[in-house]
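The values are calculated or read from the model by the stated rules, or taken from the named source; none is laboratory data. These numbers come from a predicted model, not from an experiment. Cβ coordinates were reconstructed from backbone atoms using ideal geometry, including for glycine residues, and neighbour counts include every protein chain displayed. SASA here: full protein model, heavy atoms, side chains in, ligands and nucleic acids out. Shrake-Rupley method; radii C 1.70, N 1.55, O 1.52, S 1.80 Å.
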Amino acid sequence: MMKKEDLKIVFLGTPEFAVESLSRLYDGGYNIVGVVTMPDKPAGRGHKLLQSPVKQYAVAHGLHLMQPVNLKNPEFVDELRSLDADLFIVIAFRMLPEVVWSMPRLGTFNLHASLLPRYRGAAPINWAVINGDKETGVTTFFLKHDIDTGDIIDQKKVEIREEENVGDIHDKLMALGADLTMETVKKILDGTLTVTPQDELTKGTEPTPAPKIFKDTCHIDWNSDATKTHNLIRGLSPYPAAWTTLTTTDGKELQLKVFEGKPAGESHIEPGKFLIDGDRLYAGCGGNRLYEIVSLQLEGKRRMSASDFLRGINPANYTCFIS
């Protein structure tokens, strides 16, 4: 049986979600011979180059770092091949070409933040919450041509509570995913690994998609019932955040992000109209229901509670408030 110090691993990832697993592997004594992450990107008004969290970790721990613009670039492929890695681990990275994922002798596995085959795609955590699921989880699987379709190695489940938002679930899955990554590597090392083709789990049904989140996805449709509205808001909080529009009496439209709220009682006000009751703010929803907005951010302002927001505005200056 191979020792973990002899198992040469290349780790591919970018955000904080991936760092937890990389850190566990490094601290656990595994031989990380290379780390691949996205090139630095300009950010902010000064366009200062921003390093990914994975790069920051790799640099801080003296790991061999690669930041290819093109994953098919011959120089990058040759450098990767020269590392003679046994295993590639991919977490929250780009789609890999076959010349990369087919390289290591023990294969390339991915950690995905859903219970595959549910939520194949770029935003699995968001869509699980938006769709009102009661549970989600993490999956490790071997890569193949079509994205998120490879044979499943293992899974772990976690409950989605009604009061949790996507940020809460992200953090739970980040830790759970690191546990699963470690267990998967140990199975590969010990030779005890078994896999399950995803076709055996779909049984002829279409897998649930998890497409990328765009600005239009985040727009609140107040004609939806209060429960769907609530799931959309918590499924996008704290980032990128659900939004609606406030129109001033002189015709100016301002974006209002909604971070937190809860379904309230029955309503006889029009969907999309806002009701002020003391220091509380309510919106009308479909199905004659109210939705209480608890935390928000008006365009050009900081995030604040609804009560602070109401103290700082004159409702008469907007067309959406009713008495």
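Would you mind classifying segment 29-77 by shape? Square roots of the alpha carbon gyration tensor eigenvalues, ordered a ≥ b ≥ c; an a/c under 1.5 is rounded, otherwise it is prolate if a/b is larger than b/c and oblate if not.
Working: a/c = 3.67, a/b = 1.31, b/c = 2.80.
It is oblate, given that a/c is not under 1.5 and a/b is not larger than b/c.
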Relative to the longest principal axis of the chain, what angle (0 to 90°, nearest 10) does the C-alpha long axis of helix 16-27 take?
-> 30 degrees
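For segment 1-50, what does the alpha-carbon gyration tensor say about shape, rounded, prolate or oblate, given a ≥ b ≥ c as the root eigenvalues, a/c under 1.5 as rounded, and a/b over b/c as prolate?
Working: a/c = 4.49, a/b = 2.91, b/c = 1.54.
It is prolate, given that a/c is not under 1.5 and a/b is the larger ratio.
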Diagonalise the Cα gyration tensor of segment 176-219 and give the resulting equivalent ellipsoid semi-axes, square root of 5 times each eigenvalue, largest first, whole Å.
-> 31, 19, 6
What percent do you get for the relative contact order of segment 1-86 when only Cα pairs under 8 Å and 6+ apart count?
-> 32 percent
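In µm²/s, what is D for segment 180-284 at 37 °C and 0.692 mPa s, where D = kT/(6 pi eta Rh) by Stokes-Einstein and Rh is the Kirkwood radius from Cα pairs?
Details: Rh = 17.8 Å.
For these conditions, the coefficient is 185 µm²/s.
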Using alpha-carbon coordinates alone, the radius of gyration and Dmax of segment 248-323 in Å work out to 11.9, 32
In µm²/s, what is D for segment 90-236 at 20 °C and 1.002 mPa s, where D = kT/(6 pi eta Rh) by Stokes-Einstein and Rh is the Kirkwood radius from Cα pairs?
-> 132 µm²/s
Give or take rounding to whole Å, what are the principal axis extents of the alpha carbon atoms in segment 86-152, in descending order?
-> 40, 16, 15
For segment 57-123, count all C-alpha to C-alpha pairs, find those more than 19 Å apart, and express that count as a whole percent of the total.
-> 42 percent
Using a probe of 1.4 angstrom, how much of the accessible area of segment 159-260 is carbon and sulfur, in percent?
-> 49 percent
The base-10 log of I(q)/I(0) that the Debye equation returns for segment 116-192 at q = 0.15, 0.16, 0.20, 0.27 Å⁻¹, one scatterer per C-alpha, is -0.55, -0.62, -0.90, -1.32
If you wrap segment 6-129's Cα atoms in a convex hull and average its projection over all directions, what's the area in nm²?
-> 9.0 nm²
Longest principal axis of the chain (C-alpha) makes with the long axis of helix 166-190 (C-alpha) an angle, in degrees to the nearest 10, of 10 degrees
Within segment 61-177, percent of DSSP bridges classed antiparallel, to nearest 5 = 75 percent
Lysines whose Cα lies under 25 Å from that of Lys252, excluding same-chain neighbours fewer than 8 positions away = Lys215, Lys273, Lys301
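So what is the relative contact order of the chain, in percent, for Cα pairs below 8 Å that sit 6 or more residues apart? Intermediate results must be reported in sequence, preceding the final value.
On the way: 669 pairs, mean separation 41.1, N = 323.
Relative CO of the chain lands at 13 percent.
Using just the helices of the chain, give the 222 nm mean residue ellipticity in deg cm²/dmol: DSSP H runs with n ≥ 4 each add -39,500 (n - 2.57), and the total is spread over all residues, rounded to 500. Could the numbers behind the result be given before it?
On the way: 9 runs with 84 residues, N = 323.
The helix-only estimate for the chain comes to -7500 deg cm²/dmol at 222 nm.
Less than 13 Å Cβ to Cβ from Ser23, Lys/Arg counted +1 and Asp/Glu -1: what total charge do the surrounding residues give?
On the way: positive: Arg24; negative: Glu16, Glu20, Asp27, Asp179.
Combined, the nearby Lys, Arg, Asp and Glu give -3.
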Regression test value, accessible area per residue of segment 229-302, probe 1.4 Å, units Å², expected 48 Å²
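Are there any trypsin sites (Lys or Arg not before Pro) in segment 198-262 that are in a DSSP loop and have at most 14 other Cβ atoms within 10 Å? List them by number. Please report the intermediate quantities before stating the final value.
Values: sites: Lys203, Lys212, Lys215, Lys228, Arg234, Lys252, Lys257; in loops: Lys203, Lys212, Lys252.
Those satisfying the criteria are Lys203, Lys212, Lys252.
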